[in-house]
Amino acid sequence: MNTAPAGTHHTLIIGDCTKILPTLPDRSIALIVTSLPYFNAEHDYKNYYQSYDEYRELLHQVARESIRVLADGRIFALNIDDMRVDGRLYPLVADATTAFLKAGYDYRARITWVKPKGFALRQRQSGLAVKYPYPMYPYFSNLTESILLFQSGKFDYKSVTEQCKQKSRIDKDKWSREWNLNVWNICNVLPVKGRVEENIAAFPDEIPKRLITLFSYKSETVLDCFLGSGTTMKIARQLRRNSIGIEIDPALEPVIREKTGFAVPNTRPDTFKVIPQKNFTKPYSLSPKQPQKRRAHAEEENGRRQRDEEHPLPVLQRPPLLHTILNGQHGSAAILPNRDRLSLH
Ligand SMILES: C[S@@+](CC[C@H](N)C(=O)[O-])C[C@H]1O[C@@H](n2cnc3c(N)ncnc32)[C@H](O)[C@@H]1O
């Protein structure tokens, strides 16, 4: 009898998720957990997008493309919040909600993530009311973010086997003490120098931990289409789910490897693979605060890949992306009825 633990499989796709999502198979993903750049946030993403219209169009594209790849009745969990840029407050939460409803999702919940008081994002204008303590001067500092849950239609609870349910049981204590509330008190990633996700607006492990536990079964596939430092992939691995992460910045590959535990050579029974994009140009303009070391590594990787492309060995020729995914080991087989099951294994 084979008693070896079952492995989980993790794929990092380097590229723009609006181009990659359309190449993923229908209903191949059981849960999406992600957090896209908050428009042109002063500290992390200044001038990242040319206009708010461009950003809104991105929200619509992600909503439209993701609903097809999600299995029926499944959840897209989006960490987002309104953003004040150059004095003007942009309604990201409302616009994301509109985009997802328009794409055909149902609105399932809005969770408010509350950070410890010392980490309030001070609005530049919040000091005004100190200098001028009179009505109309106050602007609030931000201590919360939103986690929006959208659902792709009705979920068929009968499609899950009893064994699968038992393996994925939710801890009743955790659920009734805090997870059941739509306010989650969670400490943000502390700004400690030298941490693996330095200069990346990462969410804390606890956010994907709760979402993956509550909305996916073991061995299913979780997608993060704005992977950043790889937090969702790290937690998916810990919770014995497969994962796919899409990240536009190739310089983050070593960070993701390190965070997910795949920087070490032997990670069996779990596997990790990287799918680079052909003809993909480095978005260095998109990562202005990138540390030198990461940038140098990415330069090196790109050079190596370019050399591979110029002198390809027959065995190294890469199949088209869709086939790579199909021939990989991802699947959400646990919940799909037989007739609809994708042959992903
Ligand atoms: C807010 S960060 C995600 C942080 C992540 N949740 C974590 O814990 O590390 C957003 C990430 O999306 C990436 N990104 C921006 N536009 C993208 C796109 N079109 N496709 C894929 N990734 C993109 C950025 O490079 C950045 O790393």
| task | Identify all residues within region 25-46 that are more than 20 Å from V93 (Cβ to Cβ), in a strand (DSSP E or B) and either among the small types (G, A, S) or within 11 Å of the ligand (Cβ to nearest atom) (or both); write none if there are none. | result | A30
| query | If you scan region 101-153, which residues turn out to be aromatic (F, W, Y), farther than 17 Å from N182 by Cα and not in a loop (DSSP other than H, G, I, E, B)? | reply | F119
| Condition met for L227 (of a type in the set (A, V, I, L, M, F, W, C) and under 16 Å from T34 (Cβ atoms)) | yes
| task | Pick out the one residue from A120, A99 that is within 29 Å of N47 (Cβ to Cβ), hydrophobic (A, V, I, L, M, F, W, C) and without any contact (Cβ under 8 Å) to a residue 24 or more places away in the chain. | result | A120
| query | Only one residue in E54, E65, E42 is surrounded by fewer than 22 Cβ atoms within 10 Å (Cβ to Cβ), free of Cβ contacts under 8 Å to residues at least 12 places away in the same chain and among the acidic types (D, E). Which one? | reply | E54
| Out of curiosity, is V93 within 16 Å of the ligand (Cβ to nearest atom) and buried (at least 22 other Cβ atoms within 10 Å of the Cβ)? | no
| task | State whether the residues of region 8-24 include one that is over 17 Å from the mean Cα position of the chain (by Cα) and either among the hydrophobic types (A, V, I, L, M, F, W, C) or in a strand (DSSP E or B) (or both). | result | no
| query | In region 221-245, what residues are aliphatic (A, V, I, L, M) and either crowded, with 24+ Cβ neighbours inside 10 Å or modelled with pLDDT under 95 (or both)? | reply | V222, L223, L227, M233, I235, A236, I244
| message | Residues that are surrounded by fewer than 14 Cβ atoms within 10 Å (Cβ to Cβ), in contact with a Cys (Cβ under 7 Å, 6 or more places away or on another chain) and at pLDDT below 95: does region 117-126 have at least one? | response | no
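The values are calculated or read from the model by the stated rules, or taken from the named source; none is laboratory data. Remember, predicted model here, so these are calculated numbers, not experimental data. So basically every Cβ, Gly included, is an ideal-geometry build from the backbone, and we count neighbours across all protein chains shown.
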